[in-house]
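The values are calculated or read from the model by the stated rules, or taken from the named source; none is laboratory data. Worth saying up front: this structure is predicted, and the values here are computed from it rather than measured. Glycine also receives a Cβ, built like all others from the backbone with ideal geometry; neighbour counts cover every protein chain displayed.
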Amino acid sequence: MKLFSLFLSCVLLVSCAPSVSHNSGVYMLIDTSGTYREEMTKAEQIIRYSLSRLDATDSFAVARIDTGSFSEKDIVAKITFDDRPSTINRQKRNFSEQISAFVRDANSSPYTDITGGLLQAVEYLNEKGPAAKTVLIFSDLKEDLQDGYIRDIEFDLDGFNIIALNVTKLRSDNVDPREYLARLEDWRTKVEKSGGHWQVINDLDGLEGLL
Amino acid sequence: MTFLLSITPSPVLSALLWIVLVVTALFFARPTAHKLILETGRSLHKIFRIASLSVANAQTTLAERNREVLLAAGREAKERIVEREFHRINETVRKDLANYSTLHRNLSESINRIETDHQEAVDVPPDPPGWVKAVEAVAAIDSKDSRVGIGGVLGDIHKSLVKAHKEAMVAYHEASGKRHALLRKMRPEWREIQQTLDKVGKNVDSLLGRSATIDRHMQEYEDIVKGEDRAVSILSSSSLVFFFVSALVLVVAVGGATINFSLIARPMAEMVGGTSLVGGFKTADIAALVIILVEISMGLFLMESLRITRLFPVIGALPDKTRVRMIWITFTMLFLLASVEAGLAFMREVLLHDELATSALLRGDGSAVINSDYMWITTAAQMGMGFILPFALTFVAIPLETFVHSLRTIVGLVIIGILRLTSLFLRLLGSGFRYLSVLVAQLYDLPLFIPLWWAARDHGESRADNTKFQKVTP
């Protein structure tokens, strides 16, 4: 009888233990400036891949990088998946359609505010509070701010995984590759200094370990 | 070490000095040290011996208990078998011998009919021909008076004779025909009697066979009641066989339950959500598991109510009316759960298709979605499995009962084996310590061989002196 009581207590204790969150949040920034606009099809491919990897209660948002990206208006589509499989499938299909429409109709922006987009991503993901936070930056990482925009701001990227995707080489990079390397190094330093984890994936065929 | 070797200017001298000092100290402490070593050995020997005896006693008690359990289980099983045999005999007697009066009447009637037919078939001798009297009349005529007319008379006689012969033959044929007809009528009666008697014979043989079986079981039952070693041995080996066979069947059942689980766990997420956790496990998985466990429980209760298993004596002892109600209730619940499972299996297929379509869309390959005309076969198969498996799992109750009953004996046997080994080990350990103490005492003496030799020499001389003295004194 004592043994049974002990067993029952253990079962109750285990079942009353606070549940640990296992969901993940993904925020994808898409550069729509200048010539990078031509890379949108690749961005759609990555979004679809990300959608296939995400599951119940995960959050996903896609935002464009334009002149002033620190704004909710730049969020193209966002979703937090339900915990019922049939609803998740429907949500994924709707999201995919929204992205297709965006890729088709997106306009090119004159400036590139990556820092503002990153700030928006951090704010969004902190609000959702997932267990794993990932920010995907689909850009050449060449920031071009309009006059008057201040982006020299401290980040708090503790617990964030920042992944730069398809960081293309600009014409000037080809002339002087040090520019490209310096750009990557600047972003890596900025992210790691803020407590985040930095990663670069240029080969889009090797997305298996992305999420 | 350096300090030890530096008590004199020469290290060798220091070492020798230390050796002499240590040997002297050991020599003087020898009786006490020997006593201590040997007593320690003896004490450890006693302690381990007592422990070994205690374990052996526990093993004996457990063996006795196991024997009682085994005999009780065997007794119960034999009682069930004998009860079943008596039930069968009762059924045979009720079914076949209850009609004995009808059977007897049928036989009597058949025999009466045969007797009647037999009476009627008796061979009647034909009447003597009419011409005998005519012959007598001819013989009485005087030879002188009637010689003339005798030819005519003989001609008449001949005619009468031929006519009488014809009539007699006709009558004879008619009579023979009737007799044969009667005999033909008797044939089915004989066959009927033979069939009836064969049937009776079979029933009697069956009864005799069953009585022989009961005799054999009763003999075994008596052996069990007497607690004979042979019966215990047979029961023990049977228990081992039952244990392994039932374990094998249970493994198969676990496989079935796993398939059942995979059929319903996925669609269950649609009902209770796919992410909520209880104690680190998905709620959907727990819900699916609970459904399967409830089905197994219902199956157990159904088997108990049908008196196929006897895991819960309370259910078996219920009044028949309540028991039948319980059968219907458990069966209805099983049926409902099986229907739910079939529905969930269908839902699983729908979800799978939906997921495949979404994956294909995300891959940008919308045409990859399979829309075969034969997909309904897999859907139907899944639904069928979802419906059948709960009923199949019902029969788990039978091997489970055997497993539980045989497990008691097997666990008992294993513990007895462990206790026996422990007892032997403790006994060996005790003896080992005893001989080790003797060995340690001998090793203690090893560095003291010089003083011991000296002491033995002195002791020998003093004994020799004493002997001399003793020899002189008388």
Residue within segment B:317-325 that is within 21 Å of the chain's Cα centre (by Cα) and in the same structural domain as residue B:268 (by TED's automatic domain parsing) present: no
Residue among B:103, B:5, B:13 that is modelled with pLDDT of 85 or more and in a helix (DSSP H, G or I): B:13
Test: residue B:349 is among the charged types (D, E, K, R) and at pLDDT below 90: yes
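Is it true that some residue in segment B:292-300 is part of a strand (DSSP E or B) and either within 14 Å of another protein chain (Cβ to nearest Cβ) or surrounded by 14 or more Cβ atoms within 10 Å (Cβ to Cβ) (or both)?
no
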Unmet criterion (only one of (1) surrounded by 11 or more Cβ atoms within 10 Å (Cβ to Cβ); (2) outside any loop (DSSP other than H, G, I, E, B)) for residue A:156: (2)
Boolean, residue B:280 is modelled with pLDDT under 85, exposed (fewer than 12 other Cβ atoms within 10 Å of the Cβ) and either in contact with a Gly (Cβ under 9 Å, 6 or more places away or on another chain) or within 14 Å of chain A (Cβ to nearest Cβ) (or both): yes
Test for residue A:49: is it closer than 22 Å to residue A:205 by Cα, surrounded by 21 or more Cβ atoms within 10 Å (Cβ to Cβ), of a type in the set (Phe, Trp, Tyr) and out of contact with any strand residue (DSSP E or B) (no Cβ under 6 Å at 6 or more places or on another chain): no
Odd one out for residue A:97 among (1) crowded, with 18+ Cβ neighbours inside 10 Å; (2) out of contact with any Leu (no Cβ under 8 Å at 6 or more places or on another chain); (3) within 14 Å of chain B (Cβ to nearest Cβ); (4) assigned to a helix (DSSP H, G or I): (1)
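Does residue B:263 qualify as being at pLDDT below 90 and away from chain A (no Cβ under 14 Å)?
yes
Being within 17 Å of residue A:109 (Cα to Cα), of a type outside the set (Val, Ile, Thr) and outside any strand (DSSP E or B) is the filter here, so list the residues in segment A:45-70 that pass it.
Passing the criteria: A:66, A:68, A:69, A:70.
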Filtered residues of segment B:158-187 (kept if touching a residue at least 24 places away in the same chain (Cβ under 8 Å) and over 60 Å from the mean Cα position of the chain (by Cα)): B:160, B:161, B:164, B:165, B:168, B:171, B:172, B:175, B:178, B:179
Flag if residue A:47 is within 13 Å of chain B (Cβ to nearest Cβ) and under 16 Å from residue A:163 (Cβ atoms): yes
Meets criteria (outside any helix (DSSP H, G or I) and not polar (S, T, N, Q)) for residue B:255: no
Filter result for residue A:115 (at pLDDT 85 or above and within 14 Å of chain B (Cβ to nearest Cβ)): no
Failed condition for residue B:248, given (1) within 24 Å of the chain's Cα centre (by Cα); (2) surrounded by 15 or more Cβ atoms within 10 Å (Cβ to Cβ); (3) among the hydrophobic types (A, V, I, L, M, F, W, C); (4) assigned to a helix (DSSP H, G or I): (2)
One residue from A:73, A:42 being under 20 Å from residue A:125 (Cβ atoms) and part of a helix (DSSP H, G or I): A:73
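Among the listed residues B:268, B:347, B:303, which satisfies the condition of being in a helix (DSSP H, G or I) and away from chain A (no Cβ under 14 Å)?
Of the residues listed, the single one that is in a helix (DSSP H, G or I) and away from chain A (no Cβ under 14 Å) is B:303.
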Failed condition for residue A:129, given (1) touching an Asp or Glu at 6+ places or on another chain (Cβ under 9 Å); (2) farther than 17 Å from residue A:47 by Cβ: (1)
